[in-house]
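The values are calculated or read from the model by the stated rules, or taken from the named source; none is laboratory data. Since we're looking at a predicted model, the values are computed, not measured. FYI the Cβ positions are ideal-geometry reconstructions off the backbone, even for glycines, and counts take in every protein chain you see.
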Amino acid sequence: MVEEILFENILYALIVRANFHESNVKFFSNVNEPLQLGYMNRPKGHKISPHKHNIVKREVALTQEVLFIKSGIIRVDFYTSNDDYLESRMLNKGDVILLANGGHGFEMIEKSEILEVKNGPYAGDFDKIRFEPIEKINLIVK
């Protein structure tokens with residue numbers, strides 16, 4: 001229900017499957033990551049007190065993304081920081097993925113709708129480097 005894509009003890013991605021269930025609150029990401037991904041299961045009538053967030057200066061060096069698969073089937077290919085292919089995963093309607101490190105590419109297996117959340121501000125051409133994978137040996141799709 002929760003899958004980690006790890007390489008050399010570095011978290012590349014975290015997948016929370018549509019059928020994930022927890023009885024309370026569960027945060028998946030490390031508290032030091034630029035994006036915090038969590039899950040809440042609250043009973044009817046539960047209240048979260050009105051609040052606002054303080055202005056806290058943060059320094060973020062890496063763009064991370066969270067994708068919510070609204071419909072369709074998507075294959076995600078994971079790459080190391082050196083552009084080497086690692087493995088692939090299939091994402092389905094209702095799945096959520098946090099892309100934390102390394103490279104990634106996507107192929108829409110079916111017509112798909114995706115909601116994306118990432119830290120900003122967007123840096124335009126400085127935000128990403130597109131690359132041709134060195135080689136896709138042993139395409140591993142789980």
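Miscellaneous remarks
- Residue pairs whose Cβ atoms lie under 9 Å apart, sitting 6 or more positions apart in sequence or on different chains, and linking a residue in region 94-111 that is more than 21 Å from Glu33 (Cα to Cα) to a partner that is modelled with pLDDT under 95 and outside any strand (DSSP E or B), are Gly105/Pro133.
- Filter pass, Ala61 being modelled with pLDDT of 95 or more, part of a loop (DSSP other than H, G, I, E, B) and among the aliphatic types (A, V, I, L, M): no
- Residues located in region 83-116, provided they are loosely packed, with under 14 Cβ neighbours inside 10 Å and closer than 17 Å to Val60 by Cβ: Glu116
- Taken over region 112-127, the criterion of being under 16 Å from the mean Cα position of the chain (by Cα) and either in contact (Cβ under 8 Å) with a residue 40 or more places away in the chain or not in a loop (DSSP other than H, G, I, E, B) (or both) is satisfied by Glu113, Ile114, Leu115, Glu116, Val117, Lys118, Asn119.
- The one condition in (1) modelled with pLDDT under 85; (2) not in a loop (DSSP other than H, G, I, E, B) that Phe106 fails to fulfil: (1)
- Test for Phe106: is it among the aromatic types (Phe, Trp, Tyr) and within 12 Å of the chain's Cα centre (by Cα): no
So that you can scan it fast, the table gives a plain yes or no per residue for (1) surrounded by 13 or more Cβ atoms within 10 Å (Cβ to Cβ); (2) without any contact (Cβ under 8 Å) to a residue 40 or more places away in the chain:
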| site | (1), (2) |
| --- | --- |
| Met1 | no, yes |
| Asn24 | no, yes |
| Phe28 | yes, no |
| Val31 | no, yes |
| Gln36 | yes, yes |
| Met40 | no, yes |
| Ser49 | no, yes |
| Asn54 | no, yes |
| Lys57 | no, yes |
